[in-house]
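Everything below concerns the one structure shown next.
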Amino acid sequence: MMTLSDRIHAYYEALREEKPLAPFFAVEPRPAKFGIQERLYGHEEITRALAAQSRSTTDWHVESTDLVVGHRADVGWFTDEVEFGWLDTDEDEHYAFDSRWSGTLVRDDDVWRFVTMHVSIGYDFRSGRVDASD
């Protein structure tokens, strides 16, 4: 069985390789995914949004820099600092961020699946600038 850390790294690898991401999310209990500009609720909505993302992005870079995990029985959690970026093929623009990821996973049939995922980027209130990577 894949460890919790292995499962999170597998998600990052699937993102880099542009593979389907919906199977990483639980169907029940109702999952939630919060991204930089999105709030998604339920497996169906997450699946639709991830499919749209796959159609309009490529060239993903995802680098975990400080993964911390924990679990009790069939519930796990994680935090990570992640350098990530992608090419938006609709706008022909590349994005890159230093970000924070966190979430909760449940073990379902011996497979860890996200029930919450939160991705955020820093914001400097003094300068009004987003903490984007160079």
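Residues are listed down the side, and each one gets a yes or a no for (1) of a type in the set (S, T, Y); (2) under 20 Å from E83 (Cα atoms):
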| residue | (1), (2) |
| --- | --- |
| D6 | no, yes |
| A10 | no, yes |
| A14 | no, yes |
| V27 | no, no |
| Y41 | yes, no |
| E45 | no, no |
| L50 | no, yes |
| S64 | yes, yes |
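Every listed requirement among (1) touching a Lys or Arg at 6+ places or on another chain (Cβ under 7 Å); (2) surrounded by fewer than 16 Cβ atoms within 10 Å (Cβ to Cβ) is met by I46 save one, (2). If you filter segment 31-43 down to residues that are exposed (fewer than 13 other Cβ atoms within 10 Å of the Cβ) and modelled with pLDDT of 95 or more, you find that the one that is farthest from V111 (Cα to Cα) is R39.
When R7, R55 are checked against the criterion of being assigned to a helix (DSSP H, G or I), surrounded by 14 or more Cβ atoms within 10 Å (Cβ to Cβ) and of a type in the set (K, R), R7 stands alone in meeting it. Restricting attention to segment 68-106, the residues being in contact with a helix residue (DSSP H, G or I) (Cβ under 7 Å, 6 or more places away or on another chain) and aromatic (F, W, Y) number 1.
Restricting segment 64-83 to residues that are assigned to a strand (DSSP E or B), under 15 Å from the mean Cα position of the chain (by Cα) and free of Cβ contacts under 8 Å to residues at least 40 places away in the same chain, the residue that is surrounded by the fewest Cβ atoms within 10 Å (Cβ to Cβ) is V68. Applying the condition of being touching a residue at least 24 places away in the same chain (Cβ under 8 Å) and surrounded by fewer than 21 Cβ atoms within 10 Å (Cβ to Cβ) to segment 98-112 and asking which residue is farthest from P20 (Cα to Cα) yields D98.
The values are calculated or read from the model by the stated rules, or taken from the named source; none is laboratory data. Every value quoted in this text rests on a predicted model; they were computed, and no experiment measured them. Positions of Cβ are backbone-derived with ideal geometry, glycine not excepted, and every protein chain shown enters the neighbour counts.
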